[in-house]
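In what follows, a structure is listed as structure tokens, so that the remarks can point back to it.
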Amino acid sequence: MNKALLTFALLMCGAAHGSESPDAPDTASASLPDPYRQVDNFLKMPAGRLMGSSSAVTTDHDGNIWVADRCGANSCAGSDLDPIMEFDARGNFIKAFGKGLLLFPHGFFIDGANHIWVTDGHVAAGKGDDVLEFDRDGKLLRTLGKAGVSGNGPDTFHEPNAVLVAPNGSIFVSDGHEPGEGNARVVKFDSNGKFIRQWGMHGSGPGQFEAPHTLTMDSKGRLFVGDRGNNRIQIFDQDGRFLASWRQFGRPSGIFIDQHDILYVSDSESRDFEGYGHHPGWKRGVRIGRASDGVLTAFIPDPEPDPTHVVTSGGEGITADAQGNIYIGDVGRRAVTRYERK
């Protein structure tokens, strides 16, 4: 058995018995291929504008690329820029909207109707800590949560990270960005935005979270939650029942599953250096594998694999288009990078 399969088998053995193996050093990624080449500046920004920090990047059903950047900086507070931008498949700018509506765009999702969903992870002056739904022309259709109001109730959020709309219209929001403080939960709503249930609390056990940072769903309808502060992905059914916990994909800042059930996971924080992101023996980068069983198949190393001076680098938000090209939103470098097959 090769190193990648052995690591996966040991991890799954622990999950199957309701517990987890310790976070052993990564022995699989070094033996994995990197079949991608990096393409910088693929997206052509409008004249006079620079890309800001972004953890929100996705593609729509027409193949266009959408980015919600933080207004050329790492916050949209006080900015007159439109944070939500659309580009065609060749990277040409099409349009932008959303000026004055968002403080800190964080999570991004496009549903079956090509509606654009954005989580706003900051709160101030009557804005933020909410989830906004737009049509593709920029009309605000509805708001989940209460703009400018933080909370942990059925109709309030505090630092919501990600939003996902299931094929049946159910809406899932992962809520709580800081390990050890604030919220640490997943909230489910029906297609009309009516609260159904929530699950999670601070902790490291099954169904507990420390910064549920990102969401995706596979073809079986299983919900994958990037539990970043616990260095793992947790998998649930749509009623919140715990199914599995995977550590072989590193410390997940972004996760995405494509139409072929390929799982893409960006690790922008792992480092040996003690302090935030301490994850000894693990390198930053993008790990790719099968959503069906968690077996790793490829690894794209981060440009700064183990920095002592940078909290985050490389990919945070992540998506892939129908041709298998990967796009990652880089908060630290303030860039969106494309990775193509070599």
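Here, each number is a calculation from the coordinates, and none is a lab measurement. Because the structure is a prediction, the values reported are computed rather than measured. Cβ placement follows ideal geometry from the backbone for every residue including glycine, while neighbour counts extend to all protein chains displayed.
What are the extents of the Cα atoms of the chain along their three principal axes, listed from largest to smallest and rounded to whole Å?
54, 43, 37
Specify the residue with the greatest mean-square fluctuation among Thr216, Thr312, Thr143, computed from a Gaussian network of the chain linking alpha-carbon atoms under 10 Å apart.
Most flexible of the set in this elastic network: Thr143.
Could you give the size of the charge dipole of the stretch 248-309 about its Cα centre, using +1 on the Cβ of each K and R and -1 on the Cβ of each D and E, expressed in debye and rounded to the nearest 20?
80
Over the stretch 153-302, what relative contact order in percent results from Cα pairs under 8 Å that are six or more residues apart?
13
Work from the charge dipole of the chain (Cβ charges, +1 for Lys and Arg, -1 for Asp and Glu, about the Cα centre) and give the residue of Asn168, Ile300, Val331 farthest towards its positive end.
Result: Ile300.
Once Lys and Arg get +1 and Asp and Glu get -1 on their Cβ, which of Thr59, Leu141, Pro105 lies farthest toward the positive end of the dipole of the chain?
About the Cα centre, the residue reaching furthest to the positive side is Thr59.
Report the relative contact order of the stretch 88-137, percent, no decimals, based on alpha-carbon pairs under 8 angstrom and at least 6 residues apart.
Averaging sequence separation for qualifying contacts and normalising by length gives 28 percent for the stretch 88-137.
Given charges of +1 on the Cβ of Lys and Arg and -1 on the Cβ of Asp and Glu, with all other atoms neutral, how large is the dipole of the stretch 21-145 about its Cα centre, in debye to the nearest 20?
It works out to roughly 400 debye.
What size of dipole, in debye to the nearest 20, comes out for the chain about its Cα centre when the only charges are +1 on Lys and Arg C-beta atoms and -1 on Asp and Glu C-beta atoms? Walk me through the numbers before you get to the answer.
Values: 34 positive and 44 negative charges, 68 e Å.
Result for the chain is approximately 320 debye, rounded to the nearest 20.
Given the rule -39500 (n - 2.57) for each run of at least 4 DSSP H residues, summed and divided by the residues of the chain, what is its mean residue ellipticity at 222 nm, to the nearest 500 deg cm²/dmol?
Result for the chain, helices only: -1500 deg cm²/dmol.
Once you keep just the Cα pairs under 8 angstrom separated by 6 or more residues, what percentage relative contact order results for the chain?
Value for the chain: 16 percent.
With a 10 Å Cβ neighbour count serving as the proxy for reagent exposure, in which order, fewest first, do Phe242, Phe172 appear?
Listing Phe242, Phe172 from fewest to most nearby Cβ atoms yields Phe242, Phe172.
Which one, Gln208, Cys71, Ile257, is farthest towards the positive end of the dipole of the chain when Lys and Arg carry +1 and Asp and Glu -1 on their Cβ?
In the chain, that residue is Ile257.
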